[in-house]
Amino acid sequence: MKNKIIRIILAVICAEILLIVLITMAQEVIVNGVKLNTSPTSDIIIGGLGTLLSGAIAGSAATLIVGKNNNLPIIILSIFVVIETTYLIVADKINNPIWFDAMAAISLIGTIWLGYYFNKFLFKED
């Protein structure tokens, strides 16, 4: 049981670090920020796709660490995305319409789960 808890914690931490690093690279390094009304359409598409790929990679990594029969890290990561997005909207830290950031968060959560299911069905054993 102790080993299982450690793997869950490790999976969440590693996946969250991956999310932070990869999303920062996608939205701040590859393109110069993603703002609905000021960024070129190409930057929004590239930054958005990079963010979605980041979610899939993080979900996949968490599943590799914890095992394909445990979705608790994916649930925790999804909750973190909701909490962070809510904070950014409430604290007025972003300059996008609420619907834009809400859709981005929902899409990110979807790709985190996609990464989980990718590993769950790709590999036959834990």
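The values are calculated or read from the model by the stated rules, or taken from the named source; none is laboratory data. Worth saying up front: this structure is predicted, and the values here are computed from it rather than measured. These area figures cover heavy atoms from the full protein model, side chains too; ligands, DNA and RNA do not enter into them. Shrake-Rupley method; radii C 1.70, N 1.55, O 1.52, S 1.80 Å.
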Can you list the lysines whose alpha carbon is less than 30 Å from that of residue 93, not counting same-chain residues fewer than 8 positions off? 35
Mind checking which lysines have their C-alpha under 22 Å from residue 68, skipping anything on the same chain fewer than 8 residues away? 2, 4, 120, 124
Highest-MSF residue in the chain out of 68, 35, 93 [GNM, Cα springs under 10 Å]: 93
Per residue, in Å², the accessible surface of the chain once ligands and nucleic acids are set aside, probe 1.4 Å: 61
Report, to the nearest whole %, how much of the accessible area of segment 77-118 belongs to carbon and sulfur atoms, 1.4 Å probe, protein only. 74
